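Notes follow the structure.
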Amino acid sequence: MSFTPIETQEQLDAVIKDRVARAEKSATEKTEEKYKGYISPEDFEAKTKELTDKNTELGNSLKSAEEERDKAKNDLTGLESKVKAYETASVKSRIAHELGIPYELANRINGETEEEIRKDAEAMKPFISKKGTAPLRDPESGDSETGGEVRASMKKLVENLKKE
């Protein structure tokens, strides 16, 4: 390394320009090394907007999924109550049939469990009497509607009653 004296302004400007460029390059390298792995503010804004949009989209899909879940839960609750009502009605009909209670009165039986329903039906049974209608003629006799021994004897009985 030898020293060369600077004799002109142009030489001084060139040396200073070289030294300033080295200093700037050194400062730039230090800054780049210090912030290595970081993103630029423009990239940061773009990434923030992208993530905000994605977050909003996921929030909306979560809300719609929650609404669908609530609707399905309500549907399930409604269906479960219908099934329970059908099962109760079936048990009431079966017990009414077993105890001889008319079908029309089966819905009057109260209770939630089979034991409660059976107890109520048994309590109701004494108040329900099945009275059949008397037959108009003897079904076991072979009489026809136009005549027969039984008919003739009935006519004779009625005539005797009129005489007395």
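Nothing in this text is a laboratory measurement; each read-out follows from the coordinates by a stated rule. Here the structure is a predicted model, which is why all the values come from computation and not from measurement. As a convention, Cβ positions derive from the backbone with ideal geometry for all residues, glycine included, and neighbour counts pool all protein chains shown.
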**Request:** Report the dimensions of segment 1-70 along its three principal axes from the alpha-carbon atoms, largest first, rounded to Å.
**Result:** 89, 21, 8
**Item:** Residues whose placed amide H lies under 5 Å from that of Gly111, excluding near-sequence neighbours
**Value:** none
**Complete:** Residue-normalised 222 nm signal for the chain, counting each DSSP H run of n ≥ 4 as -39,500 (n - 2.57), nearest 500 deg cm²/dmol, is -24500 deg cm²/dmol
**Message:** Connecting C-alpha atoms closer than 10 Å in a GNM of the chain, tell me which of Ile95, Ile39, Ile109 has the biggest fluctuation.
**Reply:** Ile39
**Per-selection metrics, the chain (Cα): Rg and Dmax in Å** = 53.2, 176
**Item:** Computed magnitude of the charge dipole of the chain (debye, nearest 20; Cβ of K, R +1, Cβ of D, E -1)
**Value:** 1280 debye
**Message:** Please enumerate, by chain and number, the lysines with C-alpha under 29 Å from the C-alpha of Lys17, excluding those fewer than 8 residues away in the same chain.
**Reply:** Lys25, Lys30, Lys34, Lys36
**Request:** Find how much the distance from Glu104 to Gln9 grows on full extension, using 0.36 nm per residue of separation minus their present alpha carbon separation; answer in nm with one decimal.
**Result:** 21.9 nm
**Item:** Folded to 0 to 90 degrees: helix 149-163 orientation relative to the chain principal axis, Cα
**Value:** 60 degrees
**Fill in**
Ordered by fewest other Cβ atoms within 10 Å, a rough proxy for footprinting exposure, Leu161, Leu12 read Leu161, Leu12
**Asked** What is the helix-to-structure angle for 9-34, meaning the angle in degrees between its Cα long axis and the longest Cα principal axis of the chain, kept from 0 to 90 and rounded to the nearest 10?
**Response** 30 degrees
**Asked** Residues in segment 24-59 near a label at Lys71, defined as backbone nitrogen under 19 Å from the 7 Å Cα→Cβ point?
**Response** 58-59
**Request:** For each of Leu105, Leu136, Leu58, count neighbouring Cβ atoms within 10 Å of the residue's Cβ, then give the residues from fewest to most.
**Result:** Leu136, Leu58, Leu105
**Asked** GNM, the chain, Cα, under 10 Å: largest mean-square fluctuation among Lys82, Lys73, Lys17?
**Response** Lys17
